[in-house]
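The values are calculated or read from the model by the stated rules, or taken from the named source; none is laboratory data. Since the model is a prediction, treat every value here as computed from it, not as a measurement. Backbone-built Cβ (ideal geometry, glycine too); neighbour counts: all protein chains shown.
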Amino acid sequence: MPEYEYKAIGRNGAESVGHEHAADVEALKHILRKQQLTLLHAKPKKTSLIGRALVIAFTSELAPLVESGLPLDRALQIIGEDSRDAKITNLAAQLRKSIKRGESFSQALQNYGRFDPMLIALIQVSEASGDLAQVLKILERHYQDSQKIRHQLISSLTYPVILALVALLSIIGLALYVVPVFKDIFSEGGDHLLPLGTRILFSASDFLINYGWMVIILAGAGAASGAALVNRNDAVNRKWHTLMLRIPLLGKLQAHFAAFKLAKSLSIMLAAGLPLVRGIEISRPLLDNRIQREGLDICLNGLRKGESVPQAFAHVPALPVQFTRYLKLGNETGGLAPSMSKVADLLQEEFGNRLNSLVGILNPLIIIVMGGIVGFMVMSILLAVFSLSEVR
């Protein structure tokens, strides 16, 4: 139930402001009318986004307590009293207060802040089925697996990013501080006596010294303008997202990761008893690519019109073969949830393999490119030394 910030006027003409939980504005008017207040203005109170780290930590502490048979109120009390994390302590205390006021667990979560939609939906399912412990166990495992994937992605890409950054800074440092020293030494003999490569190197160094700051400003402005154009121009945005799916290696990597997230979320929600259509609606934001999201919207419309599950999902572009194969299998056998769980594991493994292959290509490529640039700089200096020696 959302919380509204309101301004109202009483029978004595005095204005008052406050906040109140209500299903909608009409319900808020009814609540205030009982307090002899007339609503003047109301707007939904902005709620903060609850970070994934807090959700993971909270579910990890709550799930074992509820699974052991403790009532939810007592489990929240224990967490609020002995948790070492102040954020978890505050979250547990606020949820417990809301529950003691008569709100459901899902309502208490929604009133506290903006949680992951999957979390809210599954908690609502558990309230209908009475199996909160099992749902919390599923959520705990899901968030822990998601955290492992994020750590794998970050750790895999950290090394090539650091390697490229260090190599780039080394080249810039050589061009700004080392090359000018040799230029001063060789300037006595005349630039016309220097090899072509050396003259190119000296010209590039001069340009970087004189106009490097301008290049950085222009590059930043160009990147910002390009990002703004992609975000604000619908046609450009569509072409950008289409291009991202077609880029060699990277496009398939992105498609496999998106399919993994979709399959994993659907398997969890279907296993918890959520209808497929509702599960797809919740999973939609997991797809970062606009073209795939639009395909998922068409898929939803198709399912509502009576299309078969494989036929509806055929509208989502760039789904891996494994996904469609297990989707058909689950549809034919009536075990869509275990099929999605199986294909999620397969896609997770394949995503890791593809990511390792991409990193394996990037690392030597960065070394070759940056090493070639440094080699060119060294050879240009050496050729200049040899050419001056021959002249003398």
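Quick notes on this structure:
- Selected residue [under 30 Å from residue 56 (Cα atoms), surrounded by 14 or more Cβ atoms within 10 Å (Cβ to Cβ) and out of contact with any Gly (no Cβ under 6 Å at 6 or more places or on another chain)] from 194, 157: 157
- Residue check, residue 282 surrounded by 14 or more Cβ atoms within 10 Å (Cβ to Cβ), closer than 27 Å to residue 353 by Cβ and in contact (Cβ under 8 Å) with a residue 24 or more places away in the chain: no
- Subset of the range 260-276 that is in contact (Cβ under 8 Å) with a residue 40 or more places away in the chain and surrounded by fewer than 20 Cβ atoms within 10 Å (Cβ to Cβ) - its residue that is nearest to residue 146 (Cα to Cα): 271
- Residue match in the range 183-195 (condition: of a type outside the set (Ser, Thr, Tyr), in the same structural domain as residue 260 (by TED's automatic domain parsing) and under 19 Å from residue 263 (Cα atoms)): no
- The set of residues in the range 216-259 that are in contact (Cβ under 8 Å) with a residue 24 or more places away in the chain and aromatic (Phe, Trp, Tyr) contains only 257.
- Residue among 70, 91 that is assigned by TED's automatic domain parsing to the domain that holds residue 139, closer than 20 Å to residue 126 by Cβ and buried (at least 18 other Cβ atoms within 10 Å of the Cβ): 91
- Positions within the range 331-342 being without any contact (Cβ under 8 Å) to a residue 12 or more places away in the chain and in a helix (DSSP H, G or I), in sequence order: 332, 333
- Of the residues making up the range 292-307, those that are closer than 21 Å to residue 231 by Cβ and buried (at least 16 other Cβ atoms within 10 Å of the Cβ) number 5.
- Test result for residue 350, surrounded by 15 or more Cβ atoms within 10 Å (Cβ to Cβ), more than 30 Å from residue 180 (Cα to Cα) and either touching a Gly at 6+ places or on another chain (Cβ under 7 Å) or at pLDDT 90 or above (or both): no
- First in the range 343-371 and touching a residue at least 40 places away in the same chain (Cβ under 8 Å), second anywhere and charged (D, E, K, R) and part of a helix (DSSP H, G or I), Cβ under 7 Å, 6 or more apart: 344/264; 354/252
- Qualifying residue in the range 310-326 (condition: over 30 Å from residue 124 (Cβ atoms), assigned to a helix (DSSP H, G or I) and of a type in the set (A, V, I, L, M)): yes
- So residue 239, is it over 18 Å from the mean Cα position of the chain (by Cα), of a type in the set (Lys, Arg), assigned to a helix (DSSP H, G or I) and closer than 30 Å to residue 347 by Cα: yes
- Residue match in the range 357-372 (condition: outside any helix (DSSP H, G or I) and either in the same structural domain as residue 195 (by TED's automatic domain parsing) or modelled with pLDDT under 90 (or both)): no
- Subset tally (residues that are surrounded by 11 or more Cβ atoms within 10 Å (Cβ to Cβ) and at pLDDT below 80) for the range 42-51: 4
- Going through (1) in the same structural domain as residue 353 (by TED's automatic domain parsing); (2) among the hydrophobic types (A, V, I, L, M, F, W, C); (3) surrounded by 15 or more Cβ atoms within 10 Å (Cβ to Cβ) one by one, residue 99 falls short only on (1).
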